[in-house]
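Undergrad: Below you'll find the structure I mean.
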Amino acid sequence: MKPFSRSLQRDLDAAAEYDDDGKQYSAVDGSGKQNPERGARRPSRLFYLALLYVVFWALVFYHHFSTSMQQSVSAAVAAPAVLQLKPSAFFSVPRIFRRDPCAGRYVYMYDLPPRFNADLVRECRRISGSTDVCKDVANDGFGPPIKGGGEAGSLPESGAYDTDQYMLGLIFHARMRRHECLTADPAAAAVVYVPFYAGLDSAMHLGSKDLAARDALSRDVVDWLAQRPEWRAMGGRDHLLVSGRGTWDFIVNPDAVGWGNALMTFPAILNATFLTTEASPWHGNDFAVPFPSHFHPSSDAEVTGWQDRVYEMDRPFLWGFAGGARDGSQRTVRAQIMEQCGRSSRCALLGVPAPGHYAPGRAMRLLESAEFCVQPRGDGYTRKSTFDTILAGCIPVFFHPVSAYLQYIWHLPRDHRSYSVFIPHGDVVERNASIEEVLSRIPPAKVAQMREQVIRLIPTVLYRHPAAKGVTFKDAFDVALERVIDRVAKRRRAAAEGREYVDSIDGKFSWKYDLAQDREKMLAPHEFDPYINT
C-alpha cells in the first residue's frame with residue numbers, strides 16, 4: 001500500500017479510540033466483551049473521509065476508462081482494431097490527469113453513399129474523356145510514385161509523386177480517414193466533414209449543356225445533407241467540404257450553361273465552409289488552400305533534409321518561368337514574360353505545348369536553378385506552380401494580388417514582401433517595367449532573407465503522406481483544419497449569443513481576407529483596392 005494509504009489507515013485505527021465528542025472509549029469492555037453501546041455508535045468523520053477517498057479514485061478510474069473507450073471508438077472509424085488494455089494502464093496517474101489532446105478538435109466524418117465519392121473514382125475515365133485521370137486518382141490522389149528523385153534527381157528520393165493539381169478532395173479524405181481526432185459522436189465534434197468529391201463530379205460535366213445531369217449529384221448531396229440531424233443542428237455552419245478545384249467551377253447559375261456546376265449556389269449549403277484551390281474575394285464561405293505539389297513526406301527528417309538541400313542549391317539564373325505561351329493577345333503578363341525571358345541570359349525558360357504537360361522533374365529542375373520564379377495567372381488567378389516554386393526554395397514573383405495574397409491567408413505570411421516580390425501586372429503589360437531590372441535591384445541580403453522565409457514555409461504548403469506517424473510539423477492539411485475549427489467555434493459562440501458570425505465586412509469591401517490588422521482598418525484605403533473593386 002502507498003505511503004499515503006498507510007498514513008490514512010493509521011488515522012482510522014487511532015480514531016477508533018475516540019467518540020464524536022473527543023472522549024476516549026474502547027469497543028470492548030475490560031472483560032474483553034464487546035461494548036454494545038460503542039458498537040452501535042454512528043460513523044466518525046474520518047469514516048466519511050475514507051469513503052470520499054474511495055469514491056474519488058473510483059471516479060478517476062471511470063473517467064480514464066471512458067476517455068480510453070472514446071479514443072478507441074474514434075480510431076475504429078479510421079481503421080478497425082481490437083482494443084487491448086494493459087493492466088499497467090489502469091494505474092497510470094500521469095495519463096489520468098493529462099488533458100485530452102483532442103478536446104475541441106474532434107471531427108465527425110460522414111459515411112456517405114459511395115456514389116458521392118468512391119463511385120466517382122471508379123468512373124475516372126468519364127473525366128474529360130481521358131484515361132490519365134485514372135492514373136491521377138491512384139494512391140489516394142497522390143498519383144504514381146516518382147522513383148529516384150525523378151529527372152536529374154530534382155525531387156526527393158522518398159515521398160515524391162506525380163500529383164495532379166485537382167486531386168485535393170481525395171488527398172484530404174485520405175488524411176481525414178486516419179485523423180487522430182475522429183469521433184463517432186457528432187455531438188462531440190468541433191467540425192463535421194463531408195467527403196464528397198465535388199471536383200471529380202464537376203470535371204465530368206465541364207461545359208455541359210445538359211443542366212439537369214450537370215447539377216444532379218450536387219443536388220442529391222445537398223438533399224442528403226439537409227435530411228441529416230447533424231446538418232440541422234447548426235444549419236450546416238459546422239460542416240466542411242473540400243472542392244478540389246477553384247470556386248469558379250461551382251458557382252454557375254443553375255439555369256444557365258457555364259463552366260462547372262451550381263453546387264455552391266444552393267441556398268441550403270451556403271452556410272458550410274468550402275476549401276478550394278482558388279477562392280473568390282467576393283464570397284464568404286470559400287477559403288483557398290495550397291495546390292498539392294509533388295512531395296508528400298512521411299517523417300520530419302524527410303522535410304528537414306529537403307529544406308537543407310534547397311537552401312544549399314546553386315542558382316545560376318536570376319529568374320525563371322516554368323510554363324508556356326497561350327493563344328491570344330500579346331498584351332498579357334505571360335506574353336511579356338516569354339518575350340523578356342527569351343531575350344535574357346539571366347532567365348531560365350521551360351516552354352511547354354499546353355499547361356501542365358511537362359514532366360514534374362523538368363519543371364522542378366528549372367525552379368531549383370533560379371533565385372526568383374515568376375507566377376503569372378494560370379487558368380484562373382492562381383497556379384499550382386506557386387507551390388512547386390516554394391518547394392524548390394525559389395522566391396515567387398506575383399503580378400496580381402488575387403494570385404496569392406488574397407487567397408492563401410492561412411498558409412502564407414500576412415507580410416507578402418517577406419517571401420515574395422510583387423510587380424503590378426499593368427506595368428508589365430504596358431511594357432513600363434523590366435522584370436529583370438526590378439529583381440536586380442533587390443539587395444543580396446534581402447534576397448537571402450526572402451529565400452529563408454520561403455524555405456521555412458515548405459512544411460505548411462505540402463500534404464504529408466496519410467500513413468506518416470510521429471511527425472511534429474504541421475502540413476497544409478493541419479493548418480487548414482485548425483483554422484476551420486477556429487472559424488466554427490466563433491460561429492458557435494455567435495449563435496449562442498443570438499447573432500450570426502461573419503468573417504469580415506459585408507458589401508463590396510467584403511474581403512474576408514484579413515489584410516488589415518484590425519476590423520476598423522478594413523474600410524481604409526489599401527494598396528490592392530484597384531485590383532478588387534474595379
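The values are calculated or read from the model by the stated rules, or taken from the named source; none is laboratory data. In this text, all values refer to a predicted model and were calculated from it rather than measured experimentally. With ideal geometry, Cβ positions are generated from the backbone for all residues, glycine too; neighbour counts draw on all protein chains shown. Note: areas computed on protein heavy atoms with side chains; ligands, DNA, RNA excluded. Shrake-Rupley method; radii C 1.70, N 1.55, O 1.52, S 1.80 Å.
Undergrad: Fully extended, how many nm does the chain gain between Arg417 and Asp111 (0.36 nm per residue separation, minus their Cα-Cα distance)?
TA: Full-extension gain reported as 105.8 nm.
Undergrad: Between Arg232 and Ala467, what is the label-point separation in nm under the 7 Å Cα-to-beta-carbon projection?
TA: 4.2 nm
Undergrad: Take Asp300, Asp475 and sort them by solvent-accessible surface of the protein heavy atoms, 1.4 Å probe, largest at the top.
TA: Result, largest first: Asp300, Asp475.
Undergrad: Here's something else I'd like to know. Which entries of Lys135/Lys384; Lys209/Lys490; Lys135/Lys469; Lys147/Lys384; Lys446/Lys469; Lys384/Lys469 show an alpha-carbon separation above 29 angstrom in the structure shown?
TA: From the list (Lys135/Lys384; Lys209/Lys490; Lys135/Lys469; Lys147/Lys384; Lys446/Lys469; Lys384/Lys469), the Cα-Cα distance tops 29 Å for Lys209/Lys490; Lys446/Lys469.
Undergrad: Please give the net charge around Glu180, taking every other residue with its beta carbon less than 12 angstrom from that of Glu180, where Lys and Arg add +1 and Asp and Glu add -1.
TA: +3
Undergrad: Would you mind counting up the charge near Tyr311? Only other residues with Cβ under 12 Å from its Cβ, with Lys and Arg at +1 and Asp and Glu at -1.
TA: Net local charge, Tyr311 excluded: -1.
Undergrad: Considering only protein heavy atoms, what is the solvent-accessible area of Thr460 at a probe of 1.4 Å, reported in Å² to the nearest 10?
TA: My reading of the accessible area for Thr460 is about 40 Å².
Undergrad: Another one. From zero up to wherever the largest Cα-Cα distance of segment 375-430 sits, split into 10 Å bins and tell me the percent of pairs in each.
TA: So the P(r) values, bin by bin, are 23, 61, 15, 0.
Undergrad: Now, a different point. Please list Arg245, Arg346, Arg125 from largest to smallest accessible area, probe radius 1.4 Å, with all protein chains kept in place.
TA: The ranking, largest first, comes out as Arg125, Arg346, Arg245.
Undergrad: Oh, and also: Grab the Cα-Cα distance for Ala489 and Asn253, subtract it from 0.36 nm times how many residues apart they are, and report the gain in nm with one decimal.
TA: 81.8 nm
Undergrad: Using a 1.4 angstrom probe on the protein heavy atoms only, could you order Ser299, Ser440, Ser154 from most to least accessible area?
TA: The ordering from most to least exposed comes out as Ser440, Ser299, Ser154.
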